[in-house]
Amino acid sequence: MASNYNRVMQWTGTAWREGTKKMWDGSKWTDKPAVKVWDGQAWMFKYPDPVQYPSFQAANGAPKEDSEYRTYKLPTGVRLGDLVVSICVARNDMPQLLNPTLSIPQTKRLATGSWIACVVFRYDGPRELSDGESVRWRIPAGGDSTVVNYVYRFASTMNLPVTPLQEIKEYKNVFEVPMNSPRGNTSLFTVISESKNLSTVQFPEGLISRHSIGGKFGENQIRVHAADTPGSGASVGTAKLDTTVPAAAVVTIKIPGADDGLPTWILGDAAASVLGKTTYLQ
């Protein structure tokens, strides 16, 4: 972003090389002046540097009955460089991603016959999204579906996973489900269920509840409850549902981060509980 200006190419006798181009930055001539870009909230010179444990910013979503197309605007406050996780769960058919156009989702059919599709992409502004600032899915056969978007900040977006669904475990006729193991950096967990009465999911200590889509009480809808945690290691315990559901799936999505080289101690994380001169509790 800081070097987005027309380059001058010069022939060296053997090859074309980028020549030195001076520009006036307001006070002096410089080779590559810093260019500020408005990210929706502030002027910035570049995308934020990634951290080891990316932080949750916002989420939104909702169920919808008998619809072929699902368009859902990104949460308010999304900024350039944020990582967006969009999930579409459909009862009748495999979801197809229409927007953003250059991203490829991972899809998986659950034992119930429903489909889950997930895409992870970096938010580069509305220009990169052909449908404004919205994610758009298509379910060819129509029917009930639920879409949810999660936004994380300070994630590493250089090598985004093509297969973001790290782990899926399914259960039948349950009122509690064991959580999957965290996968390092920040792990996002979603409990996906089809139920008429489920309204809340109590996640175990160590997970931070983030966003819930409970649907309408008394209607058999696809419900998504989410939580996250930093670090890696063994499962942190069991999530308790407020009613018995016919089927539930626990899905793990890793939010990639960058190792900052600092000693880190995460309570209960055997893999990352390394004590050094400075200890960070997260």
Say the cut-off is 20 Å between C-alpha atoms; which of LYS196/LYS240; LYS169/LYS254; LYS172/LYS240; LYS73/LYS240; LYS46/LYS254 go over it? LYS73/LYS240; LYS46/LYS254
Ordered by packing density, taken as the mean number of other Cβ atoms within 10 Å over each peptide's residues, highest first, how do 81-90, 241-250 rank? 81-90, 241-250
Simple label model, 7 Å out from Cα along Cβ direction - THR101 to ALA15, nm: 3.4 nm
For segment 35-97, the spread of Cα positions along each principal axis, largest first, Å: 47, 25, 18
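Every number here is computed from the coordinates shown, using simple stated rules; none is lab data. If you're wondering where the values come from, they're calculated on a predicted model, not measured in any experiment. Note: ideal-geometry Cβ built from the backbone for every residue, glycine included; neighbour counts use all protein chains shown.
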